[in-house]
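For reference, the structure is listed below as structure tokens.
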Amino acid sequence: MGGCPFLNAAESADGVDERSREQRGSEWAPAMEESFGSAHADYAALRAANPFPWSEEFGGFWAATTYDDIVRIAQDHELFITSVQNVVPHVPRSSRRPPLHFDPPEHTAYREAIDPVLRRGVVRKREAAFRASAVGLVDEMLAGESPDAVRDFAAPFVMDCFAAFLGVPSTLTRRIREVGVRYAFAIQDMDDEVIAECSAQLYEIAERVYADRLAEDPDPSRDLVASLETAVQDPANHITRTTAVATVRQMIVAGMGAPQAALGSCLVHLAQDQDLQQRLRSHPEDLPTAIEEFLRLHAPYRVFARTAARDTTLHGRLVREGEPIALLFPSANRDAAVFDDPDEFVLGRAGNSHLAFGRGAHKCPAATMGRLELLVALQTVLERTESFELAGEVEMMNWLEYGPRSAPLVLHPAR
Ligand code: HEM
């Protein structure tokens, strides 16, 4: 981590640190070898010593670590835009994908097509499919040798849920996830060739999904593709078939990464805290509030970014037009200025306004679906086991998403 960011020689009259990128150098580098929770010690140290550091990693970016900074940036979509760079590292791409890569007001029409098919009443209709997947996977883990919380549960479960949401077979979402994971690691490694290859494959899949769904003539009030196609046919907006397919392309990546990471973290947390595990097993009615606390403690995303549309000052530092800022949602969720005992799991925490689903125009449209996935998965694993614990080392995803990549478990069946 870097030292004090301020240099008198580069301060303006009103005390703003105006050093150039070359002058400030790298003040922080995200750890590439994490253990479960280790990133949080790093973020806590940053919040105390240098809450808005510049990093030379991944092509260079600012890291917003405090709750207030992140809320301010996420809510000001005119000053902090997503149409230039919206993730760290910057992904070279041939076309922009809605909704994330578009700024309001262009962005709004996409959300008007996406949000209705993710409203509570529609998502609830998929609960039975989510549960059938969870039951099957937990039973397979109970019967199998050396089960892994991610490989055998979190990853296939979120793929099944996403297949149910999209109305496609799970074999296709499995393929999507394979390409998606390869794509995500290529982004972390900044491997342009693999990024381009995977991106083209994901576009092909999205085109096929689009055509297959339309052929079934689904209900636009419940089906993503049909809702987008209704918007394409509406001359009042600018959504075209190409940008509608690009939207599906973005949803199929966004829809599986975060829920997998969050569920993996919930399972590791519960495997490490037997008292909480037993408490939630005997009081399943507490699960929804426990899930909010898991989401606060283990928010998965820290790579989403904004680009400054013009020079501005944040945390006493000059951010120049065009510089990217990563929103470290997991850090904001443990900011002691907002949450008492921020590293503690507090069941029923009052005023738990965590940022796991973001804020502002780009706030996750699928928070209801994400919460339902976590609820069904945790209910099922708690009901069908007497207890479970870790059977080995937890391996993390590192910068990509905050969550485990692998977590070996021992599960004891319910009697
Ligand atoms: C526990 C589960 C999930 C978490 C924690 C989560 C978190 C987030 C966060 C923090 C953002 C905001 C990014 C930003 O401000 O730059 C976001 C955006 C988004 N999420 Fe989720 N997400 C989850 C599940 C899902 C699912 C299941 C889907 C799809 C069905 C999805 C689709 C999207 C899309 C399309 C966006 C971009 C929205 C926009 O730009 O307007 N997410 N998500």
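The values are calculated or read from the model by the stated rules, or taken from the named source; none is laboratory data. Remember, predicted model here, so these are calculated numbers, not experimental data. Cβ coordinates were reconstructed from backbone atoms using ideal geometry, including for glycine residues, and neighbour counts include every protein chain displayed.
Quick look at the values:
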{"read-out": "Counted residues, the stretch 200-215 - those being buried (at least 18 other Cβ atoms within 10 Å of the Cβ) and of a type in the set (Lys, Arg)", "value": "1"}
{"read-out": "Close pairs (8 angstrom Cβ cut-off, 6 or more residues apart or separate chains): farther than 16 Å from Ala258 by Cα and of a type in the set (A, V, I, L, M) in the stretch 323-337, in a strand (DSSP E or B) and within 11 Å of the ligand (Cβ to nearest atom) anywhere", "value": "Ile325/Phe80; Ile325/Ala305; Ile325/Arg306; Ala326/Phe304; Ala326/Ala305"}
{"read-out": "Qualifying positions in the stretch 217-238 - touching an Asp or Glu at 6+ places or on another chain (Cβ under 9 Å) and at pLDDT below 95", "value": "Asn237, His238"}
{"read-out": "Test for Ser35: is it over 20 Å from the mean Cα position of the chain (by Cα) and either among the β-branched types (Val, Ile, Thr) or on the phi < 0 side of the Ramachandran plot (or both)", "value": "no"}
{"read-out": "Residue list for the stretch 55-103, filter: of a type outside the set (Gly, Ala, Ser), touching a Gly at 6+ places or on another chain (Cβ under 9 Å) and surrounded by fewer than 23 Cβ atoms within 10 Å (Cβ to Cβ)", "value": "Glu56, Val71, Gln75, Asp76, His77, Val84, Gln85, Pro89, His90"}
{"read-out": "Residue in the stretch 173-183 that is part of a helix (DSSP H, G or I), more than 27 Å from Arg126 (Cα to Cα) and without any contact (Cβ under 8 Å) to a residue 40 or more places away in the chain present", "value": "yes"}
{"read-out": "Odd one out for Asp219 among (1) without any contact (Cβ under 8 Å) to a residue 24 or more places away in the chain; (2) part of a helix (DSSP H, G or I)", "value": "(2)"}
{"read-out": "Residues that are within 23 Å of Asp311 (Cα to Cα) and either touching a residue at least 60 places away in the same chain (Cβ under 8 Å) or in a helix (DSSP H, G or I) (or both), drawn from the stretch 21-33", "value": "Arg21, Glu22, Gln23, Arg24"}
{"read-out": "Which listed residue is touching a strand residue (DSSP E or B) at 6+ places or on another chain (Cβ under 9 Å), in a helix (DSSP H, G or I) and more than 10 Å from the ligand (Cβ to nearest atom), from Phe58, Phe36, Phe52", "value": "Phe58"}
{"read-out": "Matching residues in the stretch 341-392 - criterion: being more than 16 Å from Ala254 (Cβ to Cβ), among the polar types (S, T, N, Q) and assigned to a helix (DSSP H, G or I)", "value": "Gln379, Thr380"}
{"read-out": "Residues of the stretch 290-340 that turn out to be more than 16 Å from the ligand (Cβ to nearest atom) and assigned to a loop (DSSP other than H, G, I, E, B), as a count", "value": "13"}
{"read-out": "Check on Ala236, in a helix (DSSP H, G or I), surrounded by fewer than 22 Cβ atoms within 10 Å (Cβ to Cβ) and either more than 10 Å from the ligand (Cβ to nearest atom) or among the aliphatic types (A, V, I, L, M) (or both)", "value": "no"}
{"read-out": "Residue check, Asp341 of a type in the set (Asp, Glu) and either in contact with a helix residue (DSSP H, G or I) (Cβ under 8 Å, 6 or more places away or on another chain) or on the phi > 0 side of the Ramachandran plot (or both)", "value": "yes"}
{"read-out": "Residue match in the stretch 139-154 (condition: out of contact with any helix residue (DSSP H, G or I) (no Cβ under 8 Å at 6 or more places or on another chain) and crowded, with 19+ Cβ neighbours inside 10 Å)", "value": "yes"}
